[in-house]
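**Student:** The structure is given below, and queries will be raised subsequently.
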Amino acid sequence: MRVLVVERDPTYSRASTVLSVGGIRQQFSLPENIRMSRFSASFLRNIDEYLGVPSDPPIDIQFQPSGYLFLASPENAASLEATVKLQREEGVQVALLSPKQLKVKFPWMETEDVAVGSYGLEDEGWFDPWTLLNAFRRKATSLGVHSCSGEVRGFVTSAEDVMPPPSAALTTTRIKYVHIHMPDSLEYQPVACALVVIAAGAWAGRLLEGSGIPGGLCRPPLPVQPRKRYVFSWHCPDGPGFSCPLLVDTTGAYFRRDGIAGNYLGGMSPPEGLEPDPGDLSVDRDYFQEWVWPRLARRVPAFESLRPRGAWAGYYDMNVFDGNGIVGVHPRVQNLFVGAGFSGHGLQHAPAVGRALAELVIAGRFQSLDLRRLGWDRVTQGEPLREAAAV
Ligand SMILES: Cc1cc2nc3c(=O)[nH]c(=O)nc-3n(C[C@H](O)[C@H](O)[C@H](O)COP(=O)(O)OP(=O)(O)OC[C@H]3O[C@@H](n4cnc5c(N)ncnc54)[C@H](O)[C@@H]3O)c2cc1C
């Protein structure tokens with residue numbers, strides 16, 4: 001088997017992976033997401049066994065162990081408790097803390113409006129996304145994977161499988177060639193292929209639209225779109241300190257420490273209807289002043305005197321259908337696989353998704369983790385599979 005990775009931006013300047021905050025958690029509400037996180041934690045712990053290259057130094061992923069702390073208001077307490085029950089059934093080590101217990105453990109926190117908190121005790125924290133990306137690349141290269149700098153702009157499908165109406169509902173096709181636009185050429189380079197895996201993050205939906213696959217076959221479209229998310233950093237010498245968890249507030253705002261010198265970073269997904277224009281990655285600093293800071297200062301009074309520092313923006317690869325990844329074979333394009341739409345939790349699930357796609361390609365079915373519920377079918381059948389613990 002020969003594998004070609006096509007990447008249009010060798011600097012990864014807009015890739016979500018390198019613009020993320022590098023978090024891994026076990027606290028999800030869907031068994032599939034929990035199981036992927038459980039695998040990823042063990043993958044990261046043993047990263048040299050998976051991604052080590054004999055002539056290279058050991059990989060230092062710079063893992064910072066730290067639990068996520070999800071806070072629930074009285075209205076959301078029952079839902080959080082039910083989620084924790086499921087997590088424990090899946091083997092996740094997680095504590096439920098009352099407001100009193102929260103106050104003892106995290107004395108810097110305001111808990112008056114909190115009913116309960118869930119705190120991860122194992123396999124949560126954050127790591128350096130750039131190191132993980134490079135480790136994957138180096139390992140792939142060492143195994144003989146080819147790479148190409150260029151943009152996939154379309155596909156050529158085989159005409160013979162396309163059925164005319166009235167059998168159109170059963171029509172399937174295959175991709176025969178991929179059109180790649182090289183940076184130093186006006187020509188599209190057609191590359192013959194046996195199969196295609198779309199792992200184009202936030203751009204996966206756009207890539208399939210107008211890609212040359214006969215229109216009707218791509219309906220409903222792949223519901224993955226870019227959603228701009230800001231990450232703000234600040235300095236606060238009197239902040240929570242080293243034992244600070246990655247806190248997800250009742251309001252949806254989150255923060256974590258960044259190093260050990262009184263620096264923090266955080267953000268908040270905007271409410272519906274206030275999505276920023278995803279046209280560029282400029283940062284709206286007023287968003288921090290008006291939305292993020294007041295919420296965090298209510299939770300952590302010491303943050304009232306924080307000093308804002310830098311900020312950046314990246315794209316969530318948002319599955320606008322149900323906020324979960326889509327992993328599997330296209331229902332009508334037989335040799336088109338996708339792994340996209342992870343909506344803010346795709347970095348930590350990348351090892352599990354890569355393994356799952358490899359199994360599908362080689363064995364024709366999931367072997368390690370059953371991810372069938374994350375396939376395309378739910379989109380074509382209009383049955384969303386929602387994750388309650390989205391951030
Ligand atoms: C602010 C922020 C914080 C986040 N925090 C976390 C977190 O804490 N934990 C977590 O697990 N996840 C987090 N995420 C989500 C995570 O970053 C993404 O889910 C994940 O990185 C997606 O990986 P990917 O490889 O699919 O996409 P990307 O990393 O975006 O890679 C896709 C690549 O495809 C290339 N590409 C696109 N179209 C084409 C084309 N037509 N031809 C050739 N190449 C193309 C792009 O150039 C890009 O390099 C966060 C995201 C953001 C924005």
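**Student:** For the range 1-95, please list each of the helices (runs of 4 or more DSSP H) lying entirely inside it that holds at least 1 residues being within 26 Å of ALA253 (Cβ to Cβ).
**Tutor:** Those helices (runs of 4 or more DSSP H) span 16-19, 31-45, 77-89.
**Student:** Okay, moving on. Might you check whether a residue that is acidic (Asp, Glu) and surrounded by 14 or more Cβ atoms within 10 Å (Cβ to Cβ) occurs anywhere in the range 1-10? If you could, list the steps in order and put the result at the bottom.
**Tutor:** Just the residues of the range 1-10 that are acidic (Asp, Glu), to begin with: 7, 9.
If we keep only those that are surrounded by 14 or more Cβ atoms within 10 Å (Cβ to Cβ) as well, we get 7.
Looking through the range 1-10, at least one residue is acidic (Asp, Glu) and surrounded by 14 or more Cβ atoms within 10 Å (Cβ to Cβ).
**Student:** Right, here's the next one. Only one of TRP108, TRP126 is surrounded by 15 or more Cβ atoms within 10 Å (Cβ to Cβ), at pLDDT 95 or above and over 24 Å from the mean Cα position of the chain (by Cα). Can you tell me which? Steps first, please.
**Tutor:** Values: TRP126 fails: over 24 Å from the mean Cα position of the chain (by Cα).
Within the list TRP108, TRP126, the selection yields TRP108.
**Student:** Against the definition (in contact with a Phe, Trp or Tyr (Cβ under 9 Å, 6 or more places away or on another chain), in a loop (DSSP other than H, G, I, E, B) and either in the same structural domain as GLY117 (by TED's automatic domain parsing) or among the basic types (Lys, Arg) (or both)), how does GLY241 come out, yes or no?
**Tutor:** So GLY241 passes the test.
**Student:** Taking the range 271-286 as the search range and keeping residues that are assigned to a loop (DSSP other than H, G, I, E, B) and touching a residue at least 24 places away in the same chain (Cβ under 8 Å), which one is farthest from the chain's Cα centre (by Cα)?
**Tutor:** If we take residues in the range 271-286 being assigned to a loop (DSSP other than H, G, I, E, B) and touching a residue at least 24 places away in the same chain (Cβ under 8 Å), then ASP284 is farthest from the chain's Cα centre (by Cα).
**Student:** Which residue, of ILE175, ILE180, is near the ligand (Cβ under 10 Å from one of its atoms) and over 21 Å from PRO278 (Cα atoms)?
**Tutor:** Sole residue among the options that is near the ligand (Cβ under 10 Å from one of its atoms) and over 21 Å from PRO278 (Cα atoms): ILE180.
**Student:** I'd like the full set of residues that are free of Cβ contacts under 8 Å to residues at least 24 places away in the same chain and farther than 22 Å from ALA358 by Cβ, limited to the range 172-202.
**Tutor:** The answer is LYS176, TYR177, ASP184, SER185, LEU186, GLU187.
For every residue, the table says whether it meets (1) modelled with pLDDT of 95 or more; (2) closer than 24 Å to SER16 by Cβ; (3) surrounded by fewer than 20 Cβ atoms within 10 Å (Cβ to Cβ).
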| residue | (1), (2), (3) |
| --- | --- |
| LEU208 | no, yes, no |
| GLY216 | no, no, yes |
| PRO223 | yes, yes, yes |
| PRO226 | yes, yes, no |
| ARG229 | yes, yes, no |
| TRP234 | yes, yes, no |
| PRO237 | yes, no, yes |
| PRO240 | yes, no, no |
| ASP249 | yes, yes, no |
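**Student:** Let me spell it out: the conditions are (1) over 24 Å from ARG137 (Cα atoms); (2) modelled with pLDDT of 95 or more, and HIS330 meets all of them except one. Which number is the exception?
**Tutor:** (2)
**Student:** Can ASN324 be described as within 26 Å of the chain's Cα centre (by Cα), buried (at least 23 other Cβ atoms within 10 Å of the Cβ) and outside the structural domain of TYR254 (by TED's automatic domain parsing)? Give the steps one after another, and end with the answer.
**Tutor:** Details: within 26 Å of the chain's Cα centre (by Cα): yes; buried (at least 23 other Cβ atoms within 10 Å of the Cβ): yes; outside the structural domain of TYR254 (by TED's automatic domain parsing): yes.
Yes; evaluated as a whole, the condition is true for this residue.
**Student:** Now a separate question. From (1) within 15 Å of LEU222 (Cα to Cα); (2) in contact (Cβ under 8 Å) with a residue 60 or more places away in the chain, pick out the condition that doesn't hold for ARG378.
**Tutor:** (2)
**Student:** In addition: If I ask for residues that are buried (at least 19 other Cβ atoms within 10 Å of the Cβ) and either in contact with a Ser or Thr (Cβ under 7 Å, 6 or more places away or on another chain) or modelled with pLDDT under 95 (or both), which ones from the range 71-100 would you list?
**Tutor:** LEU71, ALA72, LEU80, THR83, VAL84, VAL94
**Student:** Now a separate question. Working only within the range 299-315, note down all residues that are away from the ligand (no atom under 15 Å from the Cβ) and buried (at least 19 other Cβ atoms within 10 Å of the Cβ).
**Tutor:** The answer is ARG299, VAL300, PHE303, LEU306.
**Student:** Could you look through the range 186-206, keep only residues that are in a loop (DSSP other than H, G, I, E, B) and either in contact with a Leu (Cβ under 6 Å, 6 or more places away or on another chain) or modelled with pLDDT of 90 or more (or both), and pick out the one that is farthest from the ligand (Cβ to nearest atom)?
**Tutor:** The qualifying residue farthest from the ligand (Cβ to nearest atom) is ALA194.
**Student:** Suppose we filter MET318, MET268 for residues that are without any contact (Cβ under 8 Å) to a residue 40 or more places away in the chain, within 13 Å of the ligand (Cβ to nearest atom) and buried (at least 18 other Cβ atoms within 10 Å of the Cβ); which single one remains?
**Tutor:** Going through MET318, MET268 in turn, just one is without any contact (Cβ under 8 Å) to a residue 40 or more places away in the chain, within 13 Å of the ligand (Cβ to nearest atom) and buried (at least 18 other Cβ atoms within 10 Å of the Cβ): MET268.
**Student:** Could you list, in sequence order, the residues of the range 344-388 that are more than 16 Å from the ligand (Cβ to nearest atom), among the aliphatic types (A, V, I, L, M) and either surrounded by 13 or more Cβ atoms within 10 Å (Cβ to Cβ) or outside the structural domain of SER42 (by TED's automatic domain parsing) (or both)?
**Tutor:** Within the range 344-388, LEU360, VAL361, LEU369, VAL379, LEU385, ALA388 meet the criteria.
**Student:** Let me ask you something else. Considering only residues that are of a type in the set (Gly, Ala, Ser) and farther than 20 Å from ARG25 by Cβ, which ones fall in the range 123-150?
**Tutor:** ALA135, ALA140, SER142, GLY144, SER147, SER149, GLY150
The values are calculated or read from the model by the stated rules, or taken from the named source; none is laboratory data. Small disclaimer: the values here were computed from a predicted structure and weren't measured. Note: ideal-geometry Cβ built from the backbone for every residue, glycine included; neighbour counts use all protein chains shown.
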